[in-house]
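Asker: Here it is: the structure, laid out below.
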Amino acid sequence: MTIINVFTENIFDNWKPDEKDIIIKTKKMLEFYISTLFDKTCLKNKNFNTITLDIVLCDSSKTHEYNREYRSKDYPADIITFAIFADDENSFIFDGEINLGEIVIALDKVIEGVNRDISKSKNKEQELYFLISHGLMHLLGFDHESEEEYNFVIEEQRKALENIGYDKI
C-alpha cells in the first residue's frame with residue numbers, strides 16, 4: 001500500500017476552502033490515477049512506498065510572478081505545476097519516498113472563471129478540483145501538446161472527478 005502525503009498552504013485571504021477536504025479528495029484522485037494509469041505514469045518501474053506533493057493556494061499575482069520567473073511568460077495563470085519528479089530524469093527516490101512536486105492555484109482566477117461562465121453550472125469547489133485533477137496529471141508526467149493528448153488528459157480528469165463525486169464536470 002502506498003502512503004500519500006498531501007500538504008496544503010493557503011495564502012489567499014478572500015476564500016478559505018476546506019484544506020482537510022482538499023487533502024482527502026486529492027489523495028482519492030491520485031489513488032484513482034495510480035490504479036488506472038500506473039503503467040503510463042512517471043511512477044512506472046520505480047520502487048517506492050510514499051508519494052508526497054504540495055498544493056499552494058494563492059492569488060494570480062503569485063502565479064504571474066512564477067510564470068515570469070520560471071516559464072518566461074508574462075501573465076497570471078490559474079494553475080502552475082512544478083512536476084519535480086516527472087520533469088527531471090535525475091529525480092531520485094529517498095527512503096522510498098517520491099516527491100511529485102507542487103500544484104499552485106490562483107483562487108481569484110478560480111472565482112473569476114466561475115463568475116464569468118455561469119452557464120457551465122460549476123461552483124468554485126468544482127473548478128478547484130478540476131484544476132487539482134489537472135495538476136495531478138502533470139505531476140504524473142502527462143502533458144497535452146497535441147489535441148489527442150489534451151483529450152486524453154481531460155477524459156482522465158473527468159473519470160477522477162466522477163470518482164470523488166463531481167460527475168457534471
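The values are calculated or read from the model by the stated rules, or taken from the named source; none is laboratory data. Values in this document were obtained by computation on a predicted structure and should not be read as measured data. No Cβ is skipped: glycine too gets one built from the backbone with ideal geometry, and neighbour counts run over all protein chains shown.
Asker: Answer yes or no: is there a residue in the stretch 78-85 that is modelled with pLDDT under 95, of a type outside the set (Asp, Glu) and farther than 26 Å from Asn5 by Cβ.
Answerer: No - not one qualifying residue is present in the stretch 78-85.
Asker: Now for a different question. Within the stretch 113-161, how many residues turn out to be touching a helix residue (DSSP H, G or I) at 6+ places or on another chain (Cβ under 8 Å), part of a helix (DSSP H, G or I) and among the acidic types (Asp, Glu)?
Answerer: Count: 2.
Asker: So in the stretch 92-112, with the set limited to residues that are hydrophobic (A, V, I, L, M, F, W, C) and not in a strand (DSSP E or B), which one is modelled with the lowest pLDDT?
Answerer: Across the stretch 92-112, the extreme among qualifying residues is Phe92.
Asker: Give the number of residues within the stretch 42-66 that are over 15 Å from Glu97 (Cα atoms), out of contact with any helix residue (DSSP H, G or I) (no Cβ under 7 Å at 6 or more places or on another chain) and of a type in the set (S, T, N, Q).
Answerer: 2
Asker: May I pose another question? Which of the following residues is over 13 Å from the mean Cα position of the chain (by Cα) and more than 26 Å from Gly165 (Cβ to Cβ): Asn14, Asn45?
Answerer: Going through Asn14, Asn45 in turn, the sole match is Asn45.
Asker: Provide a single number: the residues in the stretch 11-23 that are closer than 25 Å to Phe142 by Cα and buried (at least 17 other Cβ atoms within 10 Å of the Cβ).
Answerer: The total comes to 1.
Asker: Can you tell me which residue is farthest from His138 (Cα to Cα) among those in the stretch 58-90 that are assigned to a loop (DSSP other than H, G, I, E, B), of a type in the set (Gly, Ala, Ser) and in contact (Cβ under 8 Å) with a residue 12 or more places away in the chain?
Answerer: The first filter runs over the stretch 58-90 and keeps only residues assigned to a loop (DSSP other than H, G, I, E, B), leaving 59, 72-78, 83, 88-90.
Next cut, of a type in the set (Gly, Ala, Ser) only: 72, 77, 83.
Within this subset, residues satisfying the condition of being in contact (Cβ under 8 Å) with a residue 12 or more places away in the chain are 77, 83.
Values: Ala77: 15, Ala83: 6 Å.
Out of the qualifying residues, it is Ala77.
Asker: I've got another one for you. Do we have Ser61 as loosely packed, with under 13 Cβ neighbours inside 10 Å, under 15 Å from Glu156 (Cβ atoms) and modelled with pLDDT of 95 or more here?
Answerer: Spelling it out, it is not the case that Ser61 is loosely packed, with under 13 Cβ neighbours inside 10 Å, under 15 Å from Glu156 (Cβ atoms) and modelled with pLDDT of 95 or more.
Asker: Sort through Leu131, Leu107 and tell me the only one that's touching a residue at least 40 places away in the same chain (Cβ under 8 Å), touching a Leu at 6+ places or on another chain (Cβ under 8 Å) and buried (at least 17 other Cβ atoms within 10 Å of the Cβ).
Answerer: Every option except Leu107 fails the conditions.
Asker: Scan Thr8, Thr26, Thr81 and give me the residue that is under 15 Å from Leu128 (Cα atoms), surrounded by 13 or more Cβ atoms within 10 Å (Cβ to Cβ), polar (S, T, N, Q) and touching a His at 6+ places or on another chain (Cβ under 6 Å). Full working, then the answer.
Answerer: Numbers: Thr8 fails: touching a His at 6+ places or on another chain (Cβ under 6 Å); Thr26 fails: touching a His at 6+ places or on another chain (Cβ under 6 Å).
When all the criteria are applied, what remains is Thr81.
Asker: Among the numbered conditions (1) part of a helix (DSSP H, G or I); (2) in contact with a Ser or Thr (Cβ under 6 Å, 6 or more places away or on another chain), tell me where Lys27 comes up short.
Answerer: Going through (1) part of a helix (DSSP H, G or I); (2) in contact with a Ser or Thr (Cβ under 6 Å, 6 or more places away or on another chain) one by one, Lys27 breaks only (2).
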